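Only one structure is covered here, and it is reproduced in the block below.
The values are calculated or read from the model by the stated rules, or taken from the named source; none is laboratory data. No experiment lies behind these values; they were computed from the predicted model shown. Note: ideal-geometry Cβ built from the backbone for every residue, glycine included; neighbour counts use all protein chains shown. Heavy atoms of the whole protein, side chains included, go into the accessibility calculation; ligands, DNA and RNA do not. Shrake-Rupley method; radii C 1.70, N 1.55, O 1.52, S 1.80 Å.
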Amino acid sequence: MRARRYAPVKGLASLIFLCAALAASLVPAAELQPPLIKAARSGNVGELERLFLQGQDLNQTMAGRRTALHAAAEAAQDQVVAWLISHEANVFAKDQNGKTPADITTELGHRTTSTLLKKFMLLQTIEQEAVKDQSWDDLVEILTRDARHYTLLHVLAIRGEVEESRKRIRAGAGVDARTVLGMTPLMKAAGMGHAEMVRLLLASGADVNARDLLDNTALLAAVVAGKDDVVRLLLDAKADVTSRSRNGGGTALELARRMGREKIAAMLAGHGTTK
């Protein structure tokens, strides 16, 4: 008599999969949320700031591609929403259903939260139009309402508008002005790889070793951008090669090696750093 064959392994694997799926479905939704998103939903600004200063990404997502801003908006946590906006969380981020945080507040009838988000989204649109038209004087006034504390020089640095920047600096624009995140125009210019803008800002007295809230510097920004000429300008201006970012980037040399920027790594090593 031929022995009957079974497929116990396949059956067991299916059973394990079903049990795991059932267990996951029984876990409260709050427990599946990353700590930062959980803090945003509960309105805990102090915890949110603590996690941010540890280097956590404010635009991280959870199931359904929802961000901390989605969670705060859904829970009508206006103080958290305002904090996230000022710290440059993406107000235009869409979840898996294509909805922004503002869309969610509208659906739920959270009027004050919806107004807060939509006003900032409108402001960003107005700013973009002013930049497109190069209406710099209008932009100066518009930026006074920007919760992120950008100045015109930050915007010009991002765009690489050297001559307009030169004019504004001569008129008294602050070369070391800070955004809420602690970013200076030099950091912005370096991160965008605008060598001539970096040269102008350094010549105008910008602090080459200024750090943002996460201890990022212009040199670290230039390494990420992969711009050899900008790195050289900053090194010549005595940029601190030992500065270490809080968000896991390490020193400039560690970052260059991790990103495969061999030429930049060699330049940094030539400045006496091995880390």
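With springs only between Cα atoms under 10 Å, which of Leu69, Leu202, Leu186 fluctuates most in a Gaussian network model of the chain?
Of Leu69, Leu202, Leu186, the Gaussian network model singles out Leu202 as fluctuating most.
Using the Kirkwood radius over C-alpha pairs as Rh, can you work out the diffusion coefficient of segment 102-166 via Stokes-Einstein at 25 °C, viscosity 0.890 mPa s, in µm² per second?
Details: Rh = 13.0 Å.
For the chosen part, D equals 188 µm²/s.
With an 8 Å cut-off on Cα pairs and a minimum separation of 6 or more residues, tell me the relative contact order of the chain in percent. Numbers along the way, then the final one.
Details: 375 pairs, mean separation 29.0, N = 275.
This gives 11 percent for the chain.
Between Asp138 and Ala266, what is the FRET efficiency for a Förster distance of 30 Å, r being their Cβ-Cβ separation, to the nearest 0.05?
It comes out at approximately 0.10.
Does segment 73-131 come out rounded, prolate or oblate, given a ≥ b ≥ c as the square roots of the eigenvalues of its C-alpha gyration tensor, rounded meaning a/c under 1.5 and, failing that, prolate meaning a/b above b/c?
prolate
Loop only per DSSP, at most 15 neighbouring Cβ atoms within 10 Å: give me the chymotrypsin sites (Phe, Trp or Tyr not before Pro) in segment 74-173, ordered by residue number. Before the final figure, lay out each step's value.
Details: sites: Trp83, Phe92, Phe120, Trp136, Tyr150; in loops: Phe92, Tyr150.
Counting only loop positions with at most 15 other Cβ atoms within 10 Å, the chymotrypsin sites (Phe, Trp or Tyr not before Pro) in segment 74-173 are Phe92.
Mind ranking Met197, Met121 by accessible surface for me, highest first, 1.4 Å probe?
Order by accessible area, largest first: Met121, Met197.
Please report, as a whole percent, how much of the solvent-accessible surface of the chain comes from carbon and sulfur atoms (probe radius 1.4 Å).
Working: 7850 of 14680 Å².
Here it works out to 54 percent.
Mind giving me the FRET efficiency for Gln54 and Arg199? R0 is 41 Å, r the Cβ-Cβ distance, nearest 0.05 is fine.
So, using R0 = 41 Å, E works out to roughly 0.75.
Pull out a ≥ b ≥ c, the square roots of the eigenvalues of the alpha-carbon gyration tensor of segment 161-236, then state rounded if a/c is under 1.5, prolate if not and a/b is larger than b/c, and oblate in the remaining case.
Values: a/c = 1.89, a/b = 1.19, b/c = 1.59.
Because a/c hits 1.5 or more and a/b fails to exceed b/c, segment 161-236 counts as oblate.
Classify segment 212-261 from the C-alpha gyration tensor, please: rounded if a/c falls under 1.5, else prolate or oblate depending on whether a/b exceeds b/c.
Details: a/c = 1.81, a/b = 1.18, b/c = 1.53.
In terms of gyration-tensor shape, oblate.
Okay, helix-only estimate at 222 nm for the chain: each DSSP H run of n ≥ 4 adds -39500 (n - 2.57), divide by all residues, round to 500 deg cm²/dmol; what do you get? Each step should come with its number before you reach the end.
Numbers: 16 runs with 156 residues, N = 275.
It comes out at -16500 deg cm²/dmol, rounded to the nearest 500.
Just to be sure I follow: if Rg is taken over the C-alpha atoms of segment 125-275 and Rh is the Kirkwood radius over the same atoms, what is Rg/Rh?
With Rh from the inverse mean 1/r over Cα pairs, Rg/Rh is 1.00.
Along Cα→Cβ, 7 Å out, is where each label goes; now give me the distance between the ones at Arg148 and Asn90 in nm to one decimal.
Reported label-point gap for Arg148 and Asn90 is 1.3 nm.
Give me the 1.4 Å probe accessible area per residue for the chain, excluding ligands and nucleic acids, in Å².
Accessible area per residue, the chain: 53 Å².
Among (1) 64, 45, 40; (2) 63, 39, 38; (3) 94, 53, 33, which is the computed Cα extents along the principal axes in Å?
It is the one labelled (3).
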